[in-house]
Every structure is written in C-alpha cells, then in structure tokens.
1. Please report the spacing between the Cα centers of segment 52-75 and segment 124-194 in Å, no decimals.
2. From the phi angles alone, apply the Karplus equation (6.51, -1.76, 1.60; θ = phi - 60°) to segment 183-189 and give each ³J(HN,Hα) in whole Hz, x where the residue is Gly or Pro.
3. Tell me, rounded to the nearest percent, the portion of alpha carbon pairs in segment 18-76 spaced more than 18 Å apart.
4. Compute the helix-to-body angle for 7-19: its Cα long axis versus the longest principal axis of the chain, expressed 0 to 90° and rounded to tens.
5. Rounded if a/c is under 1.5, else prolate if a/b is larger than b/c, else oblate: which is segment 45-167, with a ≥ b ≥ c the root eigenvalues of its Cα gyration tensor?
6. Tell me, what ³J(HN,Hα) does each residue in segment 87-104 have, in order and in whole Hz, if you take phi through Karplus 6.51 cos²θ - 1.76 cosθ + 1.60 with θ = phi - 60° and put x for Gly and Pro?
7. Tell me the accessible surface of ARG236 in square angstrom (1.4 angstrom probe, heavy atoms of protein chains only), to the nearest ten.
8. Kindly state, to the nearest 0.05, the FRET efficiency for ASP163 paired with GLN207, given R0 = 25 Å and r defined as their beta-carbon distance.
Amino acid sequence: MPAELSPIDKAKFAAARRAVDFVEDGMKVGLGTGSTAAWMVRCLGEMVREEGLSIVGVPTSTRTAELARQMGIKVVTLDEAKWLDLTIDGADEFDPELNLIKGGGGALLQEKIVATASDQMIVITDAAKEVAQLGAFPLPVEVVPFGWQTTRGLIEEMLSSMDVMGRQTALRLNGTQPFLTDEGNYIVDCHLKRIGNPRQLSLVLNQIPGVVENGLFIDICDKVIIGGADGTVELRDINDGSVSHDRIDFAEESNIFSDLD
Ligand SMILES: O=C(CO)[C@H](O)[C@H](O)COP(=O)(O)O
C-alpha cells in the first residue's frame with residue numbers, strides 16, 4: 001500500500017476490496033462510478049489478471065468503462081447482459097434503511113438503471129457518508145437541456161410543498177458551461193438539507209416533465225460496506241439486519257497499487 005495514500009483512500013479501498021469477495025466466476029457485474037468504485041474495478045481487474053476470474057462488467061459511465069477495459073475486464077452493454085448478478089457502487093449518502101443519495105459524480109441515471117437490473121446491490125463507502133436522514137448532500141436531479149430553466153422552476157415549485165428543509169437549486173457547472181452527463185443531459189443540484197420523506201420526493205420529482213431521473217436510490221441497496229483507514233470494514237445487510245466486521249490487510253494487496261501513476 002503506497003504510504004502516500006490518504007486515510008480516506010485507504011478506507012475506500014478497504015470497502016472495495018471486501019466487496020469483491022462477493023464476485024464469483026461467471027457473474028455479470030454492474031460496475032459503479034466514482035473514486036470508491038474505481039478501487040473496486042482495480043481489485044476486480046487484479047482478480048481477472050492474476051486469478052483468472054471470469055466475469056463480464058457493465059459499466060455505469062464512460063470513465064468506468066475506460067478503467068475496466070484498462071484493467072482487463074470484459075465490458076459488455078446492459079442490453080447484452082440483460083440482467084446482472086451484482087452491482088457494486090459508491091454513494092454520496094446512506095441512511096439507516098440503506099436508502100441513498102447518488103449522482104455526485106453525475107452518473108446517477110446509468111447507475112440507477114444498472115443497479116435496478118441486478119439481483120443485488122452492494123454499496124461501498126466510508127463512515128462520512130452515513131447520515132440519520134438524507135439531504136445534507138445536494139440531491140442531483142438529471143434534466144433534459146430543452147427548457148431546463150422551466151423544469152428547474154417546476155422542481156422548486158414542487159419542493160415548496162414537500163417535507164424538506166432547504167429549497168435552493170443550482171445548475172451543475174463544468175467550469176463556466178453546464179455539466180453534461182454521459183447522455184448529454186444537465187444536472188440540477190437541490191440543496192434540501194433534510195429530506196423528510198425520500199420515497200415520496202423521488203416519486204414526485206420524476207413526474208415533472210423534463211426530469212429524467214433523480215439521485216434518490218430507494219429500496220435498491222441490499223448491503224453497505226463501510227471501510228476504515230485502518231483496514232477494518234463493517235458490512236450491514238438490510239435484508240436480514242446482520243452486521244459483520246472484517247479487516248483488510250493492506251500489505252497483502254500491494255499488487256493493486258503497482259500501476260498507480
Ligand atoms: O453516485 C456516484 C456518481 O454519480 C458516486 O458513486 C458517488 O458520487 C460516490 O463517489 P465517491 O466514491 O467518489 O465518493
């Protein structure tokens with residue numbers, strides 16, 4: 001483990017490394033997006049190259065697809081895979097019911113489609129993402145560029161009647177230009193502070209013409225793995241309520257970091 005890896009990177013790696021223990025030969029695996037998911041892709045690549053693990057991966061963004069191919073993972077489309085055994089992805093927030101806010105990296109649409117088309121979703125994360133109630137992280141809402149300002153206005157009008165603490169929205173920018181998702185859509189970030197009823201909010205948001213999808217993942221995540229900078233990992237399963245603990249020995253994982261620039 002390179003000494004220069006930050007504590008947060010060590011925590012993310014530990015969660016990612018524990019998650020790939022659930023990947024078996026022959027599986028079709030949804031590959032998430034973000035820095036934690038990138039560690040997972042690296043770990044799977046190591047297993048493919050060094051242990052002959054035979055899987056196909058369905059990426060949730062072009063950047064994940066590029067990394068997966070670079071790591072030697074066979075990449076297929078969701079249409080080719082049709083249905084997946086397992087999706088492993090990160091999250092921006094998770095609550096006690098393992099409902100999530102995702103989309104911090106702008107990939108929420110493909111991530112939600114892929115996670116929903118999976119028998120199981122495992123979220124890999126660190127303790128900072130755990131919240132009692134969703135909303136501190138701005139909720140990403142993907143909208144089509146056509147009439148986006150009208151759509152934004154309808155979102156804000158809807159928020160005024162919802163159980164949320166904040167109602168500020170902002171177009172996500174990439175420099176001075178609108179951020180574009182892989183589908184060429186925009187993202188409106190909603191600064192809600194606290195979301196009283198995520199399930200209801202997700203349903204109502206997606207009724208607004210112009211809204212493509214939102215970053216609330218309700219009843220999709222099955223397990224969360226919380227990594228620690230010391231290699232400890234906590235695994236919580238929402239389906240049976242179990243909580244288990246493990247420890248990743250970083251020294252045994254040095255191969256993963258050999259290609260790090
Ligand atoms: O939803 C996502 C991208 O759209 C990411 O999974 C989420 O933002 C977490 O990213 P990271 O692991 O880098 O904190």
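The values are calculated or read from the model by the stated rules, or taken from the named source; none is laboratory data. Source: prediction; values computed, not measured. All Cβ positions, glycine included, derive from the backbone under ideal geometry; neighbour counts span all protein chains shown. Areas reflect the complete protein model, heavy atoms only, side chains present, ligands, DNA and RNA absent. Shrake-Rupley method; radii C 1.70, N 1.55, O 1.52, S 1.80 Å.
1. Centre-to-centre distance over Cα atoms comes out at 29 Å.
2. Going residue by residue, I get 8, x, 8, 9, 10, 9, 8 Hz, with x marking Gly and Pro.
3. Of all Cα-Cα distances in segment 18-76, 17 percent exceed 18 Å.
4. 80 degrees
5. Cα axes put segment 45-167 in the prolate bin.
6. 10, 10, 8, x, 7, 8, 8, 9, 10, x, 8, 6, 7, 10, 10, 10, x, x
7. Probe radius 1.4 Å; accessible area of ARG236 about 60 Å².
8. Between ASP163 and GLN207 the formula returns 0.90.
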